[in-house]
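The values are calculated or read from the model by the stated rules, or taken from the named source; none is laboratory data. It should be emphasised that the depicted structure is a prediction, and the values quoted were computed from it without experimental measurement. Cβ atoms come from the backbone with ideal geometry, glycine included; neighbour counts cover every protein chain shown.
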Amino acid sequence: MTLSVHRPAGRTLAAHGGPGRARLAVCAATIAACVPYLTIKIAWLSGSTVGWSDAAAAEGSALYVGNAITLGMDAAAVLVAAAFTFRWGRRIPAWLVLAPIWVAVGLLAPIVLAVPLGTLLQTFFSSEPLMGDDNALQGWVYGVVYSGFTMQGLGLLTAFVLYARDRWPRTFEIRTRSVPEGPSHSLQVLLARGAVVPAAVFAAVQLFWAFGGTAGLHGHEAADRNLAQQLADGVEGLLAVAAAAALVLIVRRAGRPGRFVVPLAVAWAGSGTMFAASLYGLLVVLGRPGFLAPDAASATGLVALAGVLAGLVTGLTGAFLLAEGQSALAGGQSARPTASSTP
């Protein structure tokens, strides 16, 4: 099942039918933000040790594979930005557009929300260095990488909102209580409530780390943590709680009759964060068995598994809801009244 395509004439397109200047500027800025990271990764994959304080640390097959994967992910961000900008992007199946931007939002949202503020707080209110003293990478690498990630996140989010308003305008207009209930509504309610438990586990651990806890962390990682990293953990924990609550409100059609897009955006960002951040953590544990002590690896793996499950269930539930709602609206069906609906 695919989402229906709606494109109001002239909403954000130029008179000649192509993208307007604003959208082209957003696309260009997003792609430009990807260039430094892509350049560093290509250099490392080519054997360069630029940016490394310890050249020996740059060796290893696991690190090579990790660099190749992250290079591919950032290259995909370039394609996604272009798809959100040009006409051919609106002909791509919805799932092929939504899946990568969901993961991208999950990876980049904590960075956008936490890293700039955390860096400022670390600079002005802490005597500790931004990076630990015993670090294999030089400090400028972190500055270049995370500045680029912040700009990528802002650019992709802006481009996606403009794209979504063209392709699915009704999603931005409809009220939560007016969203049609499809055949799987009862299952959606069950899944949304079931996702609360693993989401709570993930959030509790992230908030524990945010407030200074170090249980389950690698020795060097625990010793070198700074305000930016703790703030990022806190953001991930809060997004997890917000996502679980927003999804429950959506499937129950509860709360004041506000716009559907608001809780949808919260559930979208939070579920993507739980899934993407936790999957990355699982890959680290599985790809580098000796990186963590056995007890720490077990604890970290369980927390990451809880996050993956919560994020995946929340994301799929939201996908079912959107697909059924769009199909009902496209077919001209009116919303089925619920007990809480007002005439």
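Where helices (runs of 4 or more DSSP H) fall wholly inside the range 159-252, the ranges with 1 or more residues that are touching a residue at least 60 places away in the same chain (Cβ under 8 Å) and buried (at least 18 other Cβ atoms within 10 Å of the Cβ) are 169-173, 185-194, 196-210, 227-252. State all residues of the range 145-160 that are at pLDDT below 95 and of a type in the set (A, V, I, L, M); if no residue qualifies, say none. The one that is at pLDDT below 95 and of a type in the set (A, V, I, L, M): VAL145. A search for C-beta distances below 9 Å between a residue of the range 93-105 that is assigned by TED's automatic domain parsing to the domain that holds TYR163 and any residue that is buried (at least 17 other Cβ atoms within 10 Å of the Cβ) and among the β-branched types (Val, Ile, Thr), counting only pairs 6+ apart in sequence or on different chains, returns VAL97/VAL80; PRO100/VAL80; ILE101/VAL80; ALA104/VAL80; VAL105/THR273. Taking the range 90-113 as the range and being modelled with pLDDT of 95 or more and among the aromatic types (Phe, Trp, Tyr) as the test, only TRP102 passes.
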